[in-house]
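Working notes, beginning with the structure itself.
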Amino acid sequence: MTPVPDPREQTIAILYQALEPPVIDGARKEAKPGGYSDSGADIGVALLAAGCTLATPVADPDPTRVFDWVWPDTEEGIAAALNAGATLLWANTVVFAGHPIEAASRKAWVVGPDPRAMQEIDDKAATNARLLDAGLPVARSWLIDGDGDLNAQLAPFAQAVPIVVKPLRGRGSQGVGVARTREELAEQVRELAESRRFGAAIILEQFLPGQEITITVMPAACRAGEAGPFALPPVRRFDQIGDVAPYNGDVPVSRNSAAMTPGECADPAIAAVTAACEKAAALLEIRATMRIDCRADAQGAYFLFDVNAKPNLTGAGRPGREDEDSLSTIAAAACGWTYPDFLLAAARGAWRSPQDQQG
């Protein structure tokens, strides 16, 4: 196996989302405004401060101008980054089967999820089923076809409220709601189906009334001595709106989230769900930092309910970004890692495909 590179010995190019994610089996994952260029610039400034060498679109990037730091994740953008000397591509974007990063991974190291694996993980219903089959604690969920007979499909759930309504391939908390009456259930599902914003596929999910936490899991290669994926301290979420965490573009997570203390982490229920998240990451064979959201039922037992193969990795450091830590960087700080420390650890999980591998 090819040894993982020292990120300080590579020339790093950071990619942002310029490609619109494809519609897959009728489901659509909405592109983020700006294409994660804001977090890409955060990453670039922090890596530069950590002593890394960057390939950037301009010779002297300005920390206040995000597109000075990032390359589009198109075939042309990636080629330009490689021509600028990049030996490691940080795919700070949503990838999918057939994404240009697949071909580029035969020419350079990649930090980010495997494209085909991410496409599979983004199917929340299939991922939940896969984890359940492995015996992991996962919130129950059911798939609704927005193009089908909604009244007939929703009839079995009339007495199941409250219940969570969400897109099959959503991003963050966008499109997510909690229906507390059968009328709200019908209204929320119909609105999602008719908007077509996320395609036709909708998930109904078991509502868990307890505390919500999020757990960042990293590949073993990110830290010396690890034999498998390892979790950072869980982060507790609070100040939710209607039992849903607000989208971080509206409310910075630093205002409604805090890392759990060592004493809290030692609680048997927290220790158990942390171990379950590590098992889930191993089962999914992660190649990059992953985030898993979990929530407790009325008895205090935790269940996994959302696996995010492309977590937000914003971090403080650029002018005006003092309040922009992400859930994963909050967790990293609880480990004693600075933002640059965390990014260097994540970069040690870089991977590449054999040059003779066919795309």
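Here are a few things to note about the model shown:
- Exactly one residue out of 204, 208, 185, 192 is open to solvent by less than 30 Å² (accessible area, probe 1.4 Å), hydrophobic (A, V, I, L, M, F, W, C) and in a loop (DSSP other than H, G, I, E, B), and it is 208.
- Summed over segment 317-340, residues that are open to solvent by 40 Å² or more (accessible area, probe 1.4 Å) and either without any contact (Cβ under 8 Å) to a residue 24 or more places away in the chain or in contact with a Phe, Trp or Tyr (Cβ under 7 Å, 6 or more places away or on another chain) (or both) total 5.
- Pair list, Cβ under 6 Å, 6 or more apart: segment 256-272 residue farther than 21 Å from residue 323 by Cβ, other residue of a type in the set (Ser, Thr, Tyr): 269/302
- Selection count, segment 211-227, where residues are outside any strand (DSSP E or B) and either touching a His at 6+ places or on another chain (Cβ under 6 Å) or open to solvent by less than 20 Å² (accessible area, probe 1.4 Å) (or both): 2
- Residues of segment 237-264 classified as among the basic types (Lys, Arg) and modelled with pLDDT of 90 or more, total: 1
- Scope segment 3-39; condition basic (Lys, Arg), in a loop (DSSP other than H, G, I, E, B) and either more than 14 Å from residue 314 (Cβ to Cβ) or modelled with pLDDT of 95 or more (or both); matching residues: 28, 29
- Unmet requirement for residue 101, which otherwise passes all of (1) in contact with a Leu (Cβ under 8 Å, 6 or more places away or on another chain); (2) within 22 Å of residue 39 (Cα to Cα); (3) open to solvent by 20 Å² or more (accessible area, probe 1.4 Å): (3)
Residues checked against (1) basic (Lys, Arg); (2) farther than 21 Å from residue 168 by Cα; (3) buried (at least 23 other Cβ atoms within 10 Å of the Cβ):
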| residue | (1), (2), (3) |
| --- | --- |
| 12 | no, yes, yes |
| 17 | no, no, yes |
| 20 | no, no, no |
| 23 | no, no, no |
| 26 | no, no, no |
| 32 | yes, no, no |
| 37 | no, yes, yes |
| 42 | no, yes, yes |
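- Scanning segment 280-303 for any residue that is more than 19 Å from residue 238 (Cα to Cα) and in contact with a Leu (Cβ under 6 Å, 6 or more places away or on another chain) turns up at least one such residue.
The values are calculated or read from the model by the stated rules, or taken from the named source; none is laboratory data. Treat the numbers as computed from the prediction; the structure is a model and nothing was measured. In this analysis, Cβ positions are derived from the backbone assuming ideal geometry, glycine residues included, and neighbour counts consider all displayed protein chains. Keep in mind that these areas ignore ligands, DNA and RNA; they rest on the heavy atoms of the full protein, side chains included. Shrake-Rupley method; radii C 1.70, N 1.55, O 1.52, S 1.80 Å.
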